Amino acid sequence: MHLISTQRLKSSDVAITDWDGMTDPTRVCNSFEFAHSWWFHLPMFVLGVSWAMRLGKANYFAAANPALENGGLYNYSKFSAQNHFPQVNLPATCLIHSSEYLASILEKAIALQIVFPFIIKPDRGERGKGVKLIGNREELDKYILDQPKYEYLIQEYIEKSQEYGVFFIKNPVTGKLSIPSLTRKISLQVVGDGISGMSDLIRNHPRASRYQSLFQISDPDFIPLSGEIVKLSPMGNHCKGAVFLDYSSYISEEMITALERIFQSVEGINYGRLDVKVDHLMDLSDSGKIIILEVNGANAEPIHLYSPEKTYVQGLKTINTYFQKMAMMAKLNLTGQNRKYSKRDTLRSLREFLKR
């Protein structure tokens, strides 16, 4: 079998319009995608401290999104965050505690017409940790027993075929909304060649081979047809193997207008990223066809920086730009309300977060 090694792209190697022409975009990555997370976390920390000093407010991030605990930087409820948005744009979701009886948990789900398979995830968590597609009662029982005793979300599994990260910035004074970043998420997959079995396709795939421990293949010897796409994960999380592609060139006025309609009743959420599902890219211009899977606040990264053609230097510049945008949102909200954001509450919440 002919093997293709890991492909690392430079910005000159691929244009944004080339993504749809690629047989399998999940095969490509950039030079820093799998480097240690501190490559970005350390610069983020330095930038965070720098802006805290400039604004004279250690917890300025809380002011960026007053409607979210800690501005959505950490230890905030995903359930509370999503419920600021119109129900028509949300999947059916119920909040449960892992200490509840299994029968009671299922009753809550059934009451909202949530059936197997469904998504379960921690109410307070990030980076896809603990997110799992549950197919039956036995899998749910095992998940509940294995996880720490906290609150979790059971969420309707949305069958729509495309997932995007839509970054938003809303001026808290003028109400003007912008979309500075749009990222397509393609979940981990392999493409059959008509010769190789699943185990070989996964082992020789530059991305899937890194995540073999996360999924089980019922028939490792199964041979997909040539060109057949086999999804290995239903989730668009990077920690589950998804690739992030920069689709920012597709941002349009129609898309912004659709998001403005969704934000009409939303107050106090000015900076962050919506992880959404639609059937087609054009559906992002129709507010009625957008389903919001998750609302990310001050902890949101402009994930287009992980697109395969990006460089590390470009990534650092992007982070610097977006920290400045967040600081400006906070500055507008801090004007005349500096005492509103208690450092004591922030520290108490941080201690709770670190204990998890």
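At 222 nm, what value in deg cm²/dmol follows for the chain if DSSP H runs of at least 4 each add -39500 (n - 2.57) and the sum is divided by all its residues, to the nearest 500?
Working: 9 runs with 99 residues, N = 356.
So the helix-based figure for the chain works out to -8500 deg cm²/dmol.
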Order of exposure, largest accessible area first, which applies to ARG207, ARG124, ARG54 with probe 1.4 Å: ARG54, ARG124, ARG207
Residue with peak Gaussian network fluctuation, the chain [Cα springs, cutoff 10 Å], from ALA242, ALA63, ALA111: ALA111
Between helix 102-111 and the chain: long-axis angle, C-alpha atoms, 0 to 90°, nearest 10: 80
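Stretch LEU347-LEU42 to full length: gain in nm at 0.36 nm per residue minus the Cα-Cα span?
Numbers: separation 305, 0.36 × 305 = 109.80 nm, distance 2.02 nm.
Contour length minus Cα-Cα distance gives 107.8 nm.
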More than 21 angstrom apart: percent of Cα pairs within the range 169-289: 52
Helix 312-334 vs. the chain, principal-axis angle (Cα, 0 to 90°, nearest 10): 30
At 0.692 mPa s and 37 °C, Stokes D of the range 70-172 from Kirkwood alpha-carbon radius, µm² per second: 223
Exceeding the 27 Å Cα-Cα cut-off - candidates LYS170/LYS317; LYS142/LYS289; LYS240/LYS331; LYS310/LYS331: LYS142/LYS289; LYS240/LYS331; LYS310/LYS331
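Rounded to the nearest whole Å², what accessible area per residue is found for the chain with the 1.4 Å probe? Display every interim value, and only then the final one.
Numbers: 17610 Å² over 356 residues.
Spelled out: the 1.4 Å probe surface of the chain, per residue, equals 49 Å².
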At q = 0.07, 0.12 Å⁻¹, base-10 log of I(q)/I(0) for the chain (Debye sum, equal scatterers on each alpha carbon): -0.32, -0.96
Solvent exposure ordering (accessible area, 1.4 Å, most first) of SER187, SER199: SER199, SER187
The chain - percent of accessible surface contributed by carbon and sulfur, probe 1.4 Å: 54
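The values are calculated or read from the model by the stated rules, or taken from the named source; none is laboratory data. Small disclaimer: the values here were computed from a predicted structure and weren't measured. Ligands, DNA and RNA are stripped out before the accessible areas are found, and what is left, the full protein with its side chains, is counted by its heavy atoms. Shrake-Rupley method; radii C 1.70, N 1.55, O 1.52, S 1.80 Å.
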